[in-house]
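Peer 1: Next up is a structure, given as structure tokens.
The values are calculated or read from the model by the stated rules, or taken from the named source; none is laboratory data. It should be emphasised that the depicted structure is a prediction, and the values quoted were computed from it without experimental measurement. Every residue, glycine as well, gets a Cβ built from its backbone with ideal geometry; the counts of neighbours run over all protein chains shown. Ligands, DNA and RNA are stripped out before the accessible areas are found, and what is left, the full protein with its side chains, is counted by its heavy atoms. Shrake-Rupley method; radii C 1.70, N 1.55, O 1.52, S 1.80 Å.
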Amino acid sequence: MNGTYAKGAYVNGRQWRTTIAAAQAGDRRALDELVEGWLPLVYNIVGRALNGHADVDDVVQETMLRAVDNLGSLRDPDSFRSWLVAIAMRQIRDRARRRTSESLADDAAQEATDFAELTVLRLQLEGQRREVAEAVRWLDDEDRQLLSLWWLEVAGELTRRELAAAVGISRQHAAVRVQRMKARLEAARGIVRALDSSCPELRDVTARWDRRPDSVWRKRLARHIRGCRHCAAPGEAVVPAERLLVGLALVPIPVGFTLSLALGGKTAVAATTAATGVGWSAKVVAALTKPAVAMTAGATIVAGGAYVVTQPDAAPPKAAAPPTAASTSRPKAPSPTAKPSPSPSPSRTRTDLYGTVVDALDTAPDPNARPADLPRRPESGLTSTGGPKAVMQHRGDSVTLSGRGYVLVRWQISPKSRSGALVMPAWTGLKGKLFHVASGGGRRMDDTFAENADGYTSGMGGPRVGYTVLPTGTQQMWQNEYFYVDGTVTLTQNERGADYGLIVFPSNRDAVTKDVTTGPAQGAIRYGLVRDTGKDTAPIPQYVTRSTPADASTVRQKSRVTG
């Protein structure tokens, strides 16, 4: 991904019709081109709406993930731009709803380079154009979201109809909203001008200001400007913001930006049976399940179907300490089945057995070792609060599963985004029973492969990007982990240090069997692993509890849930 952008490329959506149609039909190269071509637009909308907050990368990734995964549902390729922008705005609003009340200090600690500064530096803005970019810092979230679209409308990248559709209002209402936002933007420009002036009274007013824009200081400064002759006089004719933004290019994607998409988390079997009306071709399905394929159009599909678009770093990141040998070693004497569980004492009843076998650290089986047969368990079906696919990319995201059946938890780890110690997800509020029945996806996340252009040597990272490290004694996850639920349980994403995501799909025994019996001959690194004994002696997840703690990350490892 070279970050370049051809002016006006988005104005005529019809020129993308062929590419979009080809991507819908399963052409991977067309999909690469589509992601590469439209990523700058999404990045600018999200970046400006969130003013460069650390969540920008996550929201961009969620937007592109949903767009790629739901591309088959788009009936009119000419409406792709409107459809994509609407997805981006929904993700921005969803992120706002998810945010908990954090202290300003916490927000500051999470802040990346703000988008106003990035806009000024990357587009080399000066004078009043620079003033407009810096004024964005003083807007409230809702105004900034609207401005992220209006800025692109004025620059010729969106139409008013598309802006209104993305916000979910009529064009008439959009006109009113835009006028109000512009008035507040002009007031913010006045604050930027005043702060650049030499008004002695303003220096006294701001003596205790920490230089971080917020609504309290916006009101104080605006009040001072209204009553100050020196600050109220602009000194030069003020050019309307829309005239300053005409023809302005998109902010290029930063060096080192990485986009990792799991393409809906589809395994080969799921992808081929998806009832979207437009199925993935066998060629693309094969590509999604291979450990690595060649880079095309600045994008690549890597192990487990992760779609990565990057710009190279100017200098490779410092190498982090590698994982422990226990987490990466391959055994000489493989064991394709789950380890034997300890025999119960004669005094225990049958029901006492459940929860005494907690999933523990094991070694990877031989790549060519076929798994044991998966025992049959009753399946009446699972309901999920996240629907057929729950995407959990942020700390605190959760999904509750109810019923009797299998569920797939697909891992998406991004050490290039943020490596380090991983805080495991937790199962809470368990009513009934939960078993860890199989592992699949064609690889363990620590399986090694030749280093690619992004510095990865395994799904857990590499020497150039750093490693994601599991807590001591935690079972190394595979790309796909399968569980059997008989009752109700909630799975919570506990991201704290290392960057990761989970995608949760209700599944069935046939899909699990198909996955774990797909071996190296089909392009996977290894066959899967069956852990289920068919009895209550099957392992349970390491992080599970019947309680419902306020913070799911406090669930202790190797919890006991007997009874």
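The rows are residues; the columns are (1) open to solvent by 40 Å² or more (accessible area, probe 1.4 Å); (2) modelled with pLDDT of 85 or more.
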{"residue": "24", "(1), (2)": "no, yes"}
{"residue": "53", "(1), (2)": "no, no"}
{"residue": "68", "(1), (2)": "no, yes"}
{"residue": "76", "(1), (2)": "yes, yes"}
{"residue": "108", "(1), (2)": "yes, no"}
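Peer 1: Right, next: Report, by residue number, each residue of the stretch 199-234 that is out of contact with any Asp or Glu (no Cβ under 8 Å at 6 or more places or on another chain), touching a residue at least 12 places away in the same chain (Cβ under 8 Å) and part of a loop (DSSP other than H, G, I, E, B).
Peer 2: Across the stretch 199-234, the qualifying residues are 199, 206, 212, 213, 214, 234.
Peer 1: Yes or no: the stretch 79-99 includes at least one residue that is over 20 Å from residue 391 (Cα atoms), touching a Phe, Trp or Tyr at 6+ places or on another chain (Cβ under 8 Å) and either at pLDDT 85 or above or assigned to a helix (DSSP H, G or I) (or both).
Peer 2: Yes, because at least one residue in the stretch 79-99 is over 20 Å from residue 391 (Cα atoms), touching a Phe, Trp or Tyr at 6+ places or on another chain (Cβ under 8 Å) and either at pLDDT 85 or above or assigned to a helix (DSSP H, G or I) (or both).
Peer 1: All but one of (1) open to solvent by 70 Å² or more (accessible area, probe 1.4 Å); (2) part of a loop (DSSP other than H, G, I, E, B) hold for residue 169; state the number of the condition that does not hold.
Peer 2: Unmet condition: (1).
Peer 1: Does residue 550 satisfy being of a type outside the set (S, T, N, Q), without any contact (Cβ under 8 Å) to a residue 40 or more places away in the chain and open to solvent by 10 Å² or more (accessible area, probe 1.4 Å)?
Peer 2: So residue 550 fits the description; yes.
Peer 1: Quick check on the stretch 460-474: of everything there that is of a type outside the set (A, V, I, L, M) and open to solvent by less than 10 Å² (accessible area, probe 1.4 Å), which residue is farthest from the chain's Cα centre (by Cα)?
Peer 2: That would be 474.
Peer 1: Kindly indicate whether residue 471 is closer than 28 Å to residue 555 by Cα, touching a residue at least 40 places away in the same chain (Cβ under 8 Å) and assigned to a loop (DSSP other than H, G, I, E, B).
Peer 2: It is true that residue 471 is closer than 28 Å to residue 555 by Cα, touching a residue at least 40 places away in the same chain (Cβ under 8 Å) and assigned to a loop (DSSP other than H, G, I, E, B).
Peer 1: Any residue that is over 20 Å from residue 132 (Cβ atoms), open to solvent by 30 Å² or more (accessible area, probe 1.4 Å) and of a type outside the set (Phe, Trp, Tyr) - is there at least one of those in the stretch 177-196? Even if it seems obvious, please write down each step before you answer.
Peer 2: Taking the stretch 177-196 as the starting set, the residues that turn out to be over 20 Å from residue 132 (Cβ atoms) are none.
Checked the stretch 177-196: no residue is over 20 Å from residue 132 (Cβ atoms), open to solvent by 30 Å² or more (accessible area, probe 1.4 Å) and of a type outside the set (Phe, Trp, Tyr).
Peer 1: Criterion first (over 27 Å from residue 61 (Cα atoms), open to solvent by less than 10 Å² (accessible area, probe 1.4 Å) and at pLDDT 90 or above) does residue 491 satisfy it?
Peer 2: Taking the combined requirement at face value, the residue does not satisfy it.
Peer 1: Right, here's the next one. Consider only pairs whose beta carbons are under 8 Å apart and that are at least six residues apart or on different chains; among these, list those whose first residue lies in the stretch 393-411 and is of a type in the set (Phe, Trp, Tyr) and whose second residue is open to solvent by 40 Å² or more (accessible area, probe 1.4 Å).
Peer 2: 406/379; 406/506; 406/508
Peer 1: Something else now. For the stretch 480-496, indicate whether the set of residues that are part of a loop (DSSP other than H, G, I, E, B) and of a type in the set (Gly, Ala, Ser) is non-empty.
Peer 2: No - not one qualifying residue is present in the stretch 480-496.
Peer 1: Further question: Kindly establish whether residue 414 is modelled with pLDDT of 90 or more and in contact with a helix residue (DSSP H, G or I) (Cβ under 9 Å, 6 or more places away or on another chain).
Peer 2: In short, no.
Peer 1: Here's another thing I want to ask about it. Have a look at 149, 158, 163 and point out the one that is under 30 Å from the mean Cα position of the chain (by Cα), of a type in the set (A, V, I, L, M) and part of a loop (DSSP other than H, G, I, E, B).
Peer 2: Exactly one of 149, 158, 163 is under 30 Å from the mean Cα position of the chain (by Cα), of a type in the set (A, V, I, L, M) and part of a loop (DSSP other than H, G, I, E, B), namely 158.
Peer 1: Right, something else. Only one of these is open to solvent by 30 Å² or more (accessible area, probe 1.4 Å), touching a residue at least 60 places away in the same chain (Cβ under 8 Å), in contact with a helix residue (DSSP H, G or I) (Cβ under 9 Å, 6 or more places away or on another chain) and not in a loop (DSSP other than H, G, I, E, B): 535, 433, 514. Name it.
Peer 2: Unique residue meeting the criteria: 514.
Peer 1: Just for the stretch 436-459: of the residues that are more than 24 Å from residue 357 (Cα to Cα) and of a type in the set (Val, Ile, Thr), which one is least open to solvent (accessible area, probe 1.4 Å)?
Peer 2: 457
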